[in-house]
Amino acid sequence: MGTRIRVATTIRASPDTTWSAIEKLETHVNWMADAESIAFTTAQHSGVGTMFDCVTRIGPIRLVDAMSITRWVQGEAMGVEHRGVVRGSGVFTLRAIGDRRTLFSWEEALTFPWWLGGSIGEIVARPLLTRIWRGNLVRLKRMVEERGS
């Protein structure tokens, strides 16, 4: 079954400026409250095929999210596949709106294992993850806009 989550924000910066803030994957821990650390498991650190382990913590739950980059379109989109305990896919999409503004969307489709509650855990986690990821986008927006000013 799985759960789908989508959050978005408008950032006062161009898609290229916004992309420059997210293209270095290891810096995602600076704006993602649930991401503790990122360790690359491939020699490459950007682009399709990049693989890494992201230590993720939400409350008392701490797990390693094995991920791979599945889509990389400079200034437009970055997609991932979750291959660890939690499975699924996600994508950041950047779209220009007006002059020097970006609609930044984050969409995920996730499936939880039985020991994290399976489909019931997914239902319970959806509002929690939505709240956490909205906060992440507030931090990203602030980081990009402060860098641009």
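No lab work stands behind these numbers, since they all come straight from the coordinates. Model, not experiment: these values are computed from the prediction. Glycine gets a Cβ as well: all are built from the backbone with ideal geometry, and neighbour counts include every protein chain shown.
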### Message
Could you give each residue of the range 38-51 its phi-based ³J(HN,Hα) in whole Hz, using Karplus coefficients 6.51, -1.76, 1.60 with θ = phi - 60°, and x for Gly or Pro?
### Response
10, 10, 6, 10, 10, 5, 7, 10, 7, x, 4, x, 4, 10
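Given a Förster distance of 35 angstrom, what is the FRET efficiency for residue 116 paired with residue 147, based on the Cβ-Cβ distance and rounded to 0.05?
Efficiency, rounded to the nearest 0.05: 0.45.
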#### Entry: Phi-based couplings in Hz for the range 89-100 (Karplus 6.51, -1.76, 1.60; Gly and Pro marked x)
8, x, 8, 9, 10, 10, 9, 5, 9, x, 8, 6
### Task
Can you tell me the order of 21-34, 40-53 when each peptide is scored by its average per-residue count of other Cβ atoms within 10 angstrom, highest first?
21-34, 40-53
### Query
What's the long-distance tail for the chain, i.e. % of Cα pairs beyond 21 Å?
42 percent
## Note on the structure
If amide H atoms are modeled at 1.01 Å from N in the peptide plane, then the residues at a separation of 5 or more from residue 66, or on another chain, having amide H under 5 Å from its own are 54, 83, 84, 85
### Message
Under the 0.36 nm per residue contour assumption, what length would be gained going from the current alpha-carbon distance of residue 70 and residue 27 to full extension?
### Response
13.6 nm
### Query
In degrees from 0 to 90, rounded to the nearest 10, what is the angle of the helix 118-148 Cα long axis to the longest principal axis of the chain?
20 degrees
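Report, in debye and to the nearest 20, how large the dipole of the chain comes out about its Cα centre when Lys and Arg carry +1 and Asp and Glu carry -1 on their Cβ.
The dipole of the chain has a size of about 420 debye.
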### Query
So who's got an amide H within less than 5 Å of the one on residue 13, skipping anything under 5 residues away but keeping other chains? H placed 1.01 Å off N, in plane.
101, 102
### Task
Find how much the distance from residue 41 to residue 95 grows on full extension, using 0.36 nm per residue of separation minus their present alpha carbon separation; answer in nm with one decimal.
16.4 nm
